[in-house]
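Taking it in order: structure first as structure tokens, then the write-up.
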Amino acid sequence: MSKNFRLKVILRILILTCILCLLIYCLLVAEKYLRSVYLGVFATISILEFIYFIDKTNRNFTTFLTALLQNDFTTSFAETGNTRSLNDLHSTYNKITRKFHDLNSEKEMHHLYLEALVEHVKVGILSYDENEKIHLINNALKELLQKPQLLYLSGLKSVSPELLQVVQSLKPGENKLIKLTIDGSLLHLNIYAAEFKLKDHYHKLISFQNIKNELDANEMDAWQKLIRVLTHEIMNSVTPISSLSDTLHQIVQREENFNETTVEKVLQGLDAIRNRSMGLQSFTQAYRSLTQLPSPKYELFKTELLIDNVIHLLSPLLKNVDLKVIYEAENIQILGDPKLLAQVLINLLKNGLEATEKSPEPRLCIKVNQTPRVSIEIQDNGSGIADDKIDQIFIPFFTTKPNGSGIGLALSQQIMRLHNGQITVSSSQAGTTFKLEF
């Protein structure tokens, strides 16, 4: 194509040169002025045709690039009726145009697919830029907030000023739970934030999920489990008390003269009733301690000091246990109530001691880290917790121990929630690990 184009240019230059030479000859040597006029006209026409020939390729190229810049893929160039080089060039233009058209169609398909996906999910999605201009809001969020349209983030203030404040203060990777009442309906919104960069502009992506139904279901399930445990404990105490009372009543009615044997039976029955009553009273006191936790008195303290105090307190019980304390970072501090958190560590260490009673080489390990949240792990090498029990260990009064009260772990969970933290457990046949995160 390039050689063909050069050949045409050279040919036109040679023709133009010949015409100019004849023009000069006729004008200066032969002095044939009429022919000189004709040759001048021919020279002018040749020059204009040469310029048009050169500009034709440039015009087509400019048209081609302009169409691409404007995303206009309807422009086409004739592939016949021109020179072979121009036909090949036009064919290449058309192929490139069709390729860009296919790419643009594929991009549009992906965009429509993502739009359909965003609209299909039941989670509310909101995206806005650094100027708080909203670029994306799906139907799920519009229905959730009862807002048909939002242009700027400040529009959330009409829904709830608290919601606007939470969204603005939410950091990327952070989530918060907020309660809202919209048109008389109570919502429990779990809000999560993410951030991304698009064409040198930062965008914030917020997801809103109403978890009220899930919370209600979990709450109902927890109440049912608690009621089963309470019913079991109360019936274990009330049934023998009722039975013994009925027996004593029959003895008193049947016997007119009380001999030593009768008196002894009555005393034994009354003693049993007293013991079961004391057990029921102890149970209610444990329930009271679980439901009436004192408010934390926050202070900033070192985890090392907290752990050292707990170990010193439990030192008589830790004599035959291989205890290791590992600090994976230095000068780790916690903002909390050291007395309440010490009770959590005591409960977990006692659980670890009881889990390793049958182990030939009992071991406990306390691991402290900060990445960036502070975490304290208590590991033991006991036999672990059964899979069907591990999801019930935090239920109040549930216990797998013969003489356990079942409030230690429930109490620990309550204390961690008061500190905006959480307690998790993982277990296998090699042992159990409780993890506290602040």
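Below are the figures for this structure:
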quantity: Top-ranked residue of the stretch 353-379 - restricted to ones that are of a type in the set (D, E, K, R) and without any contact (Cβ under 8 Å) to a residue 40 or more places away in the chain, ranked as most open to solvent (accessible area, probe 1.4 Å); calculated: K358
quantity: Candidates K350, K324, K339, filtered to the one that is open to solvent by 80 Å² or more (accessible area, probe 1.4 Å), assigned to a strand (DSSP E or B), among the charged types (D, E, K, R) and farther than 18 Å from S426 by Cβ; calculated: K324
quantity: Residue check, L418 at pLDDT below 90, among the aliphatic types (A, V, I, L, M) and either surrounded by fewer than 19 Cβ atoms within 10 Å (Cβ to Cβ) or under 19 Å from D308 (Cα atoms) (or both); calculated: yes
quantity: Checklist (1) open to solvent by 80 Å² or more (accessible area, probe 1.4 Å); (2) in a loop (DSSP other than H, G, I, E, B); (3) under 30 Å from K99 (Cβ atoms) applied to R59, failing item; calculated: (2)
quantity: The lone exception for I334 - which of (1) out of contact with any helix residue (DSSP H, G or I) (no Cβ under 7 Å at 6 or more places or on another chain); (2) surrounded by 12 or more Cβ atoms within 10 Å (Cβ to Cβ); (3) modelled with pLDDT of 90 or more it fails; calculated: (1)
quantity: Residue in the stretch 73-95 that is under 26 Å from K199 (Cβ atoms) and small (G, A, S) present; calculated: no
quantity: Strands (runs of 3 or more DSSP E) contained in the stretch 95-190 and holding at least 2 residues modelled with pLDDT of 85 or more and open to solvent by 70 Å² or more (accessible area, probe 1.4 Å); calculated: 175-182
quantity: Qualifying residue in the stretch 29-39 (condition: open to solvent by 90 Å² or more (accessible area, probe 1.4 Å), basic (K, R) and in a helix (DSSP H, G or I)); calculated: yes
quantity: Candidate set: the stretch 20-46, residues that are more than 30 Å from H90 (Cβ to Cβ) and β-branched (V, I, T); chosen: the one modelled with the lowest pLDDT; calculated: V29
quantity: Close pairs (6 angstrom Cβ cut-off, 6 or more residues apart or separate chains): touching a residue at least 12 places away in the same chain (Cβ under 8 Å) in the stretch 380-396, aliphatic (A, V, I, L, M) and open to solvent by 30 Å² or more (accessible area, probe 1.4 Å) anywhere; calculated: D380/A355; G382/A355
quantity: Number of the exception - D380 against (1) at pLDDT below 90; (2) farther than 30 Å from G173 by Cβ; calculated: (1)
quantity: Positions within the stretch 296-321 being touching a residue at least 40 places away in the same chain (Cβ under 8 Å) and loosely packed, with under 12 Cβ neighbours inside 10 Å, in sequence order; calculated: K297, N320
quantity: Of the criteria (1) modelled with pLDDT of 80 or more; (2) exposed (fewer than 12 other Cβ atoms within 10 Å of the Cβ); (3) more than 30 Å from L180 (Cβ to Cβ), which one E49 fails; calculated: (2)
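The values are calculated or read from the model by the stated rules, or taken from the named source; none is laboratory data. Please read all numbers here as calculations on a predicted model, not as lab measurements. Backbone-built Cβ (ideal geometry, glycine too); neighbour counts: all protein chains shown. In case anyone asks, the SASA skips ligands and DNA or RNA and just uses the protein heavy atoms, side chains included. Shrake-Rupley method; radii C 1.70, N 1.55, O 1.52, S 1.80 Å.
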